[in-house]
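Below is one structure, written out as structure tokens; the observations come after it.
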Amino acid sequence: MYSKIPAYLYDKNNIKRLILFTALFALLFINIFQPFNSRAWYPEITDFKYFFFSSLIILTGMLVVVVSRIIMLAYTKKHDLLYWQFGLYILSEVVAMSIFFTLFTKFFPRIEADPRDILVIFQQSAKNTSLVLLLPYSILWLYFSWREKNSLLEKISKEEPVAEIHKRNMLAFKDEKGELKISVMIENLLYIESADNYATIHYLNKSKISHFLIRNSMKWIDENLTKETSLVRCHRSYIINLDKVKVLRKTKDGIFLELDAINTPDLPVSKTYYDKVMTKFSEYSI
């Protein structure tokens, strides 16, 4: 009740749809059910003329909704509209239109004056106005909610599939022939070390450091596994997982990266890869 209403309820285009749909609903409602004792307004005219005059009156009453929604749109640009405020807003529209139809029914000149008490007329007007407004409001609220949820589902479906996300988190290491040798979750990968035509993968396995040797180049690993991941090449002989770095240390001997794992060496950052490391490091730093 004290939370703000969904944005789609005061979206400018949705407000236009609400006004048009409510006006159409009101026109059909008054001409099919003839509320407000409306047939007595013009008892001797044809059905076509009745449709014309009654429609004109309904559209005049709909000006209340138009003005009300313009005020709402202006208010929501600077303030949040809470559910209880929205409820009062709709209630004020019902009351305002009920007063309009009550005054029209009671005092508008026609062949015979309405003999009913003005409070009785107001009660009947409030009942009919509630149907005229609340029914289309409820229908459109459900429609706008459905559209919003459908839009979110489409947005999610267009995003990267879960399998693709899993694939990106699970790094697949292949040998020089393209054969898969090992897959490691990126959260468990520490660093990769070059040894001639081989690469040693250092990773956590049940909280212990494990090693796996594959025949492939660091160049291939750098070009195929470091994009859009936390891996970065920091040295000719090393690729490091920045998510596992706990300290970047500058000394007179150069820059070193300390890993958040025991019994691991501090890996150097060479001048060749300094800019690349610092650019990516800044992306993973607060």
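Values quoted throughout were computed directly from the atomic coordinates according to the rules given, and no laboratory measurement underlies them. Since we're looking at a predicted model, the values are computed, not measured. Using ideal geometry, Cβ is built from the backbone for each residue, glycine included, and neighbour counts are taken over all protein chains shown.
Only Cα pairs under 8 Å and at least 6 apart count here; give the relative contact order of segment 167-283 as a rounded whole percent.
Relative contact order comes out at 18 percent.
Can you show me the helix-derived [θ] at 222 nm for the chain, built from DSSP H runs with n ≥ 4 at -39,500 (n - 2.57) apiece and divided by the number of residues, rounded to the nearest 500.
Calculated from helices alone, the mean residue ellipticity at 222 nm is -17500 deg cm²/dmol.
At 7 Å along Cα-to-Cβ for each site, give me the label-to-label distance between L134 and I182 in nm.
That separation, rounded to one decimal, is 6.9 nm.
Please list, in chain and number order, the residues 5+ apart from R116 or on another chain whose amide H is under 5 Å from its amide H, with Hs placed from the backbone.
Result for R116 returns nothing.
K106: which lysines have alpha carbons under 24 Å from its alpha carbon, excluding same-chain residues fewer than 8 sequence positions away?
The qualifying lysines are K49, K127.
Could I have the simple spin-label model distance between K252 and N224, label points 7 Å from Cα toward Cβ, reported in nm to one decimal?
Roughly 4.4 nm, to one decimal.
Rounded to the nearest 0.05, what FRET efficiency do K78 and S217 have when you use their Cβ-Cβ distance and R0 = 51 Å?
Taking R0 as 51 Å, the efficiency between K78 and S217 is 0.25.
For the pair L153 and D11, what calculated FRET efficiency results from E = 1/(1 + (r/R0)^6), where r is the Cβ-Cβ distance and R0 = 25 Å, to the nearest 0.05?
That gives a FRET efficiency of 0.85.
Considering only C-alpha atoms, what is the centroid distance from segment 226-275 to segment 67-101, in Å?
60
For the chain, divide the Cα radius of gyration by the Kirkwood radius and give the resulting Rg/Rh value with two decimals.
Rg/Rh for the chain comes to 1.40.
In sequence order, what are the phi-derived ³J(HN,Hα) couplings for segment 234-248 according to the Karplus relation 6.51 cos²θ - 1.76 cosθ + 1.60 with θ = phi - 60°, rounded to whole Hz, with x for glycine and proline?
10, 7, 4, 9, 9, 10, 10, 8, 5, 5, 9, 7, 9, 9, 10
State which entries of K174/K271; K78/K149; K206/K252 exceed 31 angstrom in Cα-Cα distance in the structure shown.
K206/K252
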